[in-house]
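Participant: The structure under discussion is supplied below as structure tokens; questions concerning it will follow.
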Amino acid sequence: MAKQEPFNRKAGGHVDFPEGTGGITGMCALGGKYACLEIYKVDAFMRVKMADQIDPENKTPSLKHSRQVHTEYGSQNEILARILLQADKFAGMAGLSGDEEANFLAVVRGATEELISAQSLFIELKEEVASKNAMTHEEPTMISVPSVKRLDARSKEFIDHAKAYLNKVMEAINFLTGEKFSDAFFHKTKEWAEKTHGKDDILTKVLDHYGLFLKLVIDLRNASEHRNHFLTLKVENFKMDENGVLKKPTISLKGTDTKQNIDYNIDQDLCESFAQMMEKLVSFGELTLVATMSKRFHEKLPWSIVKIPKDKINPEVPIQYQMTMKFQ
């Protein structure tokens, strides 16, 4: 029997991706804690790590490369597409070196993971609320009111992921601008954008438009974490009102921020509130990263960013913006 040659980690190779549906829809090289190549299908993604990424000091010369498949979501997920894959489309024009680009995209990938975790929690809560949206009459004198398991804890976990997502978006902004803004002070970022790029600049407008919403998310997180906070957060399960009508779970935030003169008197359907938050969080991250990256495009290159018409968006990778040539 011929002696088998040891694996040469420097040699080229082939990786199969039979899991998931259809063909490859995209790839993204990530640095940082990921240090891998992510490969996407519409409903799955695979992380490929080369031996040199696993063992950069070459302690095990025959170490093989690795592949890890995740089937929870793929490029069809709007968060992954509109934030990470959108950023990947423009990062190459933003004047970043290869390593810088991979490290920047790793920060953005971390943001998507936080928001996709929030999305998963929201979907679970929404489905459970929908499945239990009825009272039962067990006996002549008693009505059974449904309940959602661990509603308070799961709602606060959703808020935690939303806040962590904003933290990552701010980290990405800092990466691109070289600034050191805190995620708790998006208004400072807006002031910087206005001073640096002007009042009518797209980045200034985005930060201004979402300013109160960003503060709300941060205040929800603070009220959730700190019991002695000046705001009171309350999550209520299903309940029957004085008219015998079943009321769906709600979330409320009450109190006054005297420093910024903001009064909160929010009392909303929990699922509707979280749905609105998800929509705004995705749009904010998408627009902010696109606008910030555009500031790094070389001023002599005739590029502009335009929104893709709805009927032209690829459902397999639903990014919303593309670059086009602009002519004088």
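Just so it is clear, none of the values below were taken in a lab; they were calculated from the coordinates. Just so it is clear, the structure is predicted and the values come from calculations on it, not from any experiment. Cβ placement follows ideal geometry from the backbone for every residue including glycine, while neighbour counts extend to all protein chains displayed.
Participant: What FRET efficiency do you get for Glu242 and Ile308 if R0 is 51 Å and r is their Cβ-Cβ distance, rounded to the nearest 0.05? Mind showing how you got there, number by number?
Facilitator: On the way: r = 51 Å, r/R0 = 0.99.
Plugging the Cβ-Cβ distance into 1/(1 + (r/R0)^6) gives 0.50.
Participant: More than 26 angstrom separation, counting every C-alpha pair in the stretch 113-256; what % is that? It would help to have the intermediate numbers written out before the result.
Facilitator: Numbers: 4367 of 10296 pairs.
The proportion of pairs with Cα distances above 26 Å equals 42 percent.
Participant: Also, I was wondering about something else. State the volume of the convex hull built on the alpha-carbon positions of the stretch 233-328, expressed per residue in Å³ and rounded to an integer.
Facilitator: Details: hull volume 19.9 nm³, N = 96.
Once divided by residue count, the hull of the stretch 233-328 is 207 Å³.
Participant: R0 = 45 Å: FRET efficiency of Ile266 with Arg47, Cβ-based, nearest 0.05?
Facilitator: Numbers: r = 40 Å, r/R0 = 0.88.
Plugging the Cβ-Cβ distance into 1/(1 + (r/R0)^6) gives 0.70.
Participant: I would also like to ask the following. Of Lys41/Lys280; Lys215/Lys259; Lys41/Lys168; Lys280/Lys307; Lys239/Lys280, which ones are farther than 21 Å apart at the Cα?
Facilitator: Values: Lys41/Lys280 26 Å; Lys215/Lys259 13 Å; Lys41/Lys168 25 Å; Lys280/Lys307 17 Å; Lys239/Lys280 29 Å.
Violating the 21 Å Cα-Cα cut-off are Lys41/Lys280; Lys41/Lys168; Lys239/Lys280.
Participant: Follow-up question, since we're still on this one. Bin width 5 Å, origin at 0, all Cα-Cα pairs of the stretch 1-84: what percent of pairs per bin?
Facilitator: Reading upward from the zero bin: 3, 13, 21, 20, 16, 11, 8, 5, 2, 1, 0.
Participant: Fully extended, how many nm does the chain gain between Glu57 and Lys199 (0.36 nm per residue separation, minus their Cα-Cα distance)?
Facilitator: Working: separation 142, 0.36 × 142 = 51.12 nm, distance 4.98 nm.
Extending this stretch completely gives an extra 46.1 nm.
Participant: Checking a compactness column here: for the stretch 164-234, what do you get for Rg(Cα) / (2.2 N^0.38 Å), N being the number of residues?
Facilitator: Numbers: Rg = 13.5 Å, N = 71, 2.2 N^0.38 = 11.1 Å.
Normalised by 2.2 N^0.38 Å, the Cα Rg of the stretch 164-234 equals 1.21.
Participant: Would you list which aspartates and glutamates come within 19 Å of Lys254, measuring only between C-alpha atoms, while excluding same-chain residues fewer than 8 positions from it?
Facilitator: Asp152, Asp160, Asp219, Glu225, Glu236, Asp263, Asp267, Asp269, Glu272
Participant: Which entry in (i) 26.1; (ii) 15.5; (iii) 17.7 is this structure's computed mean projected area of the Cα convex hull in nm²?
Facilitator: Entry (i).
Participant: Identify, among Leu270, Ile218, Pro309, the residue whose Cα sits farthest towards the positive end of the charge dipole of the chain, taking +1 on the Cβ of Lys and Arg and -1 on the Cβ of Asp and Glu, with the dipole about the Cα centre.
Facilitator: Among Leu270, Ile218, Pro309, the one farthest towards the positive end of the dipole of the chain is Pro309.
Participant: Given R₀ = 22 Å, what would the calculated FRET efficiency be for Arg296 paired with Phe185, taking r from the Cβ atoms and rounding to 0.05? Before the final figure, lay out the partial values.
Facilitator: Numbers: r = 23 Å, r/R0 = 1.02.
For Arg296 and Phe185, the calculated efficiency is 0.45.
Participant: Moving on to the next point. Lys/Arg Cβ at +1, Asp/Glu Cβ at -1, dipole of the stretch 178-235 taken about the Cα centre: which of His209, Phe185, Phe230 is farthest positive-ward?
Facilitator: The residue sitting most towards the positive pole is Phe230.
Participant: How big is the dipole moment of the chain about its Cα centre under a simple scheme where the beta carbon of each Lys and Arg is +1, that of each Asp and Glu is -1, and everything else is neutral? Debye, nearest 20, please. Spell out each step's value before the answer.
Facilitator: Numbers: 44 positive and 47 negative charges, 160 e Å.
The calculated dipole for the chain is roughly 760 debye.
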